[in-house]
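Only one structure is covered here, and it is reproduced in the block below.
The values are calculated or read from the model by the stated rules, or taken from the named source; none is laboratory data. From a predicted model like this one, the values you see are computed outputs, not experimental measurements. Don't worry about glycine lacking a Cβ; one is built from the backbone with ideal geometry, like all the others, and counts go over all protein chains shown.
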């Protein structure tokens, strides 16, 4: 796991632990909360370092169990008055603590049932949390770039060449960069895959050749070193070593996070390149797996107008709409024809070059919306099926406990108390399944993102809000799954004496 992912996983686990601390009395939290968070964070980091996500998951599950047992106990002896309403409140909390302990003992006596129920809930919560992480990161938030509403993508349609949608060419990019006033800045890029020979194991990495200012336009900042200078964006010169910038993940993976990598030489496709910087963790463009960036270095004197293989990102001038920019670019096409008289006639005749401008959000997220909502509906059904399965398991268990329930009713146990105890048992199951499900969500999020038919810049890790939602969903699932079996058991009449 990369360092950035380790930090994100630790932060998410700590955020969930902070939510769990709300189960303790306020005065207890004021006295011990910060120290408990510090200890949890230190242990989580060690578990993650030694055992990976499985170790972090076990640590989180242990914390859930510990809070479930100790939080009620802390409420048993509230600091302050023991008379009047405060004492009655303490009595209620003491009763709840006893019910939690009873539920724990009862579930430990049925390990097969407990294991199946917890795993069933965990799968439902994990899948739902993972997909909601994608929905939250893609549909509910802005793109992770400065002023994302002003970012657009410029493409072309060339019906005469049977190209309904194509990128930019060297010539079109340079022409728009020089003449388009509706675009504050436009950048071009080209992707490739190369062989990297670094300090670690040689590997195939994704690279992007980027034009001047593109990384700055997207908010990229160096963690070590710097970005490209204008001199490094000059046309390619075989006598000058090309500069490169590395991603944070590659820097950690291949060079152990050593700042001295700046200034060193690396080999890409057996050609030496000089490292001038490392980007901050979390930056991903054109995709989250891009590991190395080169200067694009176009030569205006030899730029061809055909060959539409460049991607682009542009920033609109203030107050300009995408449709306005598209109209201006189409008006610039005749100038392209004059600048490139030797170009193929089909490019500038009827059905020729037609610029297209759309927002970057629509380009990246447009395909995602229907896919993600379908996935969200699917995992909601999975969660409902998980609830139904847990209900069936608990109904079967209730049948096996008929004599126990009948005996307790005959001995005078109130139906309300019995109902509460059974609901608390469901709550313990739900919280345990939710804790396991949160761990699964970290793995499910990456797997689900890999299956999407589009690329999104940046990774996906459940944050504090998503984890709080997962905790609430666990409680709701537990109550929904436990209410019917609990009511079924509590409605039973005591068996006649002698039966």
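Sub-7 Å Cβ pairs linking a first residue in the stretch 158-177 that is free of Cβ contacts under 8 Å to residues at least 60 places away in the same chain to a second residue that is buried (at least 22 other Cβ atoms within 10 Å of the Cβ), at least 6 apart or interchain, are 177/186, ordered by first then second residue. Evaluation of residue 493 against the conditions (1) over 30 Å from residue 288 (Cβ atoms); (2) at pLDDT below 70; (3) not in a loop (DSSP other than H, G, I, E, B) shows that the sole unmet condition is (3). Among the residues making up the stretch 2-36, those that are over 19 Å from residue 470 (Cβ atoms) and modelled with pLDDT of 80 or more are 26, 27, 28, 29, 30, 31, 32, 33, 34, 35, 36. Among (1) over 24 Å from residue 266 (Cβ atoms); (2) at pLDDT 90 or above; (3) crowded, with 17+ Cβ neighbours inside 10 Å, which single condition is residue 143 missing? So residue 143 meets the others, but not (2). Scanning the stretch 337-372 for residues that are under 31 Å from the mean Cα position of the chain (by Cα) and free of Cβ contacts under 8 Å to residues at least 12 places away in the same chain, we see that the one that is farthest from residue 129 (Cα to Cα) is 362.
Before we move on, is residue 94 at pLDDT below 80 and closer than 19 Å to residue 433 by Cα? When the stated conditions are applied, residue 94 does not pass them. The C-beta contact set for the stretch 8-23 (first residue in the same structural domain as residue 460 (by TED's automatic domain parsing), second residue surrounded by fewer than 20 Cβ atoms within 10 Å (Cβ to Cβ) and at pLDDT 80 or above, distance under 6 angstrom, 6+ apart or interchain) comprises 10/45; 14/41; 21/29; 21/33.
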